[in-house]
Structures are given as structure tokens and as C-alpha cells.
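Beneath this line is the structure, given in C-alpha cells, with notes to follow.
The values are calculated or read from the model by the stated rules, or taken from the named source; none is laboratory data. Model, not experiment: these values are computed from the prediction. Virtual Cβ from ideal backbone geometry, glycine too; neighbours counted across all protein chains shown. With ligands, DNA and RNA removed, areas are computed over all heavy atoms of the protein, side chains included. Shrake-Rupley method; radii C 1.70, N 1.55, O 1.52, S 1.80 Å.
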Amino acid sequence: DILPENFIELQRLSPFGMGNPLLIFSARNVHQVRPSRKFGQLQRHLKLFLSDSPGIVFESVIWNFEEEIPLNARFDIAFEPTLDCFNGQNIVRLRLVDWNIYL
């Protein structure tokens with residue numbers, strides 16, 4: 001349900017930040033549908049492509065995580081949704097704050 005068109009509704013719950021905790025969501029039994037990619041100058045961050053339903057894939061980021069995660073790994077995740085505008089399209093990305101991986 002966290003789609004770009006719904007993101008504006010989430011923003012109405014702001015302010016977030018110091019004294020106002022971030023909105024953290026959870027999802028169970030999501031799976032990696034494309035190979036993960038390291039990125040950043042020192043290759044210290046990991047981009048995952050996760051899904052919990054056919055046809056919907058979310059780019060997800062784990063900062064300061066250098067391990068490889070096998071394709072088709074399953075996860076329970078806690079995340080903060082973020083909205084990025086790329087090439088004129090709004091894209092929801094998930095910043096993972098906690099996870100359990102089931103290999």
C-alpha cells in the first residue's frame with residue numbers, strides 16, 4: 001500500500017525528526033527478486049529489490065552493510081519509506097532500519 005500516490009498522505013503525519021519519531025513500518029516474508037548491488041564510493045551500502053506481491057518491487061537500501069545477500073532470500077523488515085523523484089517519476093524507496101534474513 002506504500003505507493004507514490006499514498007505518500008502525500010503519510011507526509012501529513014509529519015513533523016518527524018528530533019522529538020518526533022520517524023514512521024517505521026514492517027512487512028513480513030518479503031523476498032529479494034533481483035540481485036543486490038553494492039554502491040557508494042567505498043561500496044559500503046547495499047541496494048536490494050524486495051517484493052511481497054507479484055508486480056510490485058521496492059528498491060530498498062541498507063546503509064553501512066557490506067555483506068552479500070543471496071537472491072531469493074526472505075526477510076522480515078522494519079523500514080522507513082522515502083520518496084525520490086527520478087527522471088520525472090516519483091519512486092518509493094525503503095530505508096531498512098532492521099531486518100531478519102531467512103536463507
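Listed values, structure above:
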{"quantity": "Residues with amide H under 5 Å from that of residue 65, placed H, sequence gap 5 or more", "calculated": "45, 46"}
{"quantity": "Whether segment 20-62 is rounded, prolate or oblate, judged on the alpha carbon gyration tensor where a/c under 1.5 counts as rounded", "calculated": "oblate"}
{"quantity": "Radius 15 Å from Cβ of residue 100, net charge of other residues (Lys, Arg +1; Asp, Glu -1)", "calculated": "-2"}
{"quantity": "Accessible carbon and sulfur surface of the chain relative to its total accessible area, %, 1.4 Å", "calculated": "51 percent"}
{"quantity": "Value of relative contact order over the chain, rounded to a whole percent, pairs C-alpha under 8 Å and six or more apart", "calculated": "27 percent"}
{"quantity": "1.4 Å probe accessible area per residue over the chain, in Å²", "calculated": "68 Å²"}
{"quantity": "Inter-probe distance in nm under a simple model that places probes 7 Å from Cα toward Cβ, at residue 51 and residue 26", "calculated": "2.5 nm"}
{"quantity": "Exposed-loop-free span, longest in the chain, where GluC sites (Glu not before Pro) count as exposed if DSSP calls them loop and at most 16 other C-beta atoms lie within 10 Å", "calculated": "1-65"}
{"quantity": "Environment charge at residue 30 (Cβ cut-off 11 Å; Lys +1, Arg +1, Asp -1, Glu -1)", "calculated": "0"}
{"quantity": "Compactness index (Cα Rg / 2.2 N^0.38 Å), the chain", "calculated": "1.09"}
{"quantity": "Ratio Rg/Rh [Cα only; Rh per Kirkwood] for segment 52-103", "calculated": "0.98"}
{"quantity": "Residue-count net charge about residue 45 - beta-carbon cut-off 14 Å; Lys, Arg +1, Asp, Glu -1", "calculated": "+2"}
{"quantity": "Length released on extending from residue 82 to residue 44, taking residue separation times 0.36 nm less the Cα-Cα span", "calculated": "11.7 nm"}
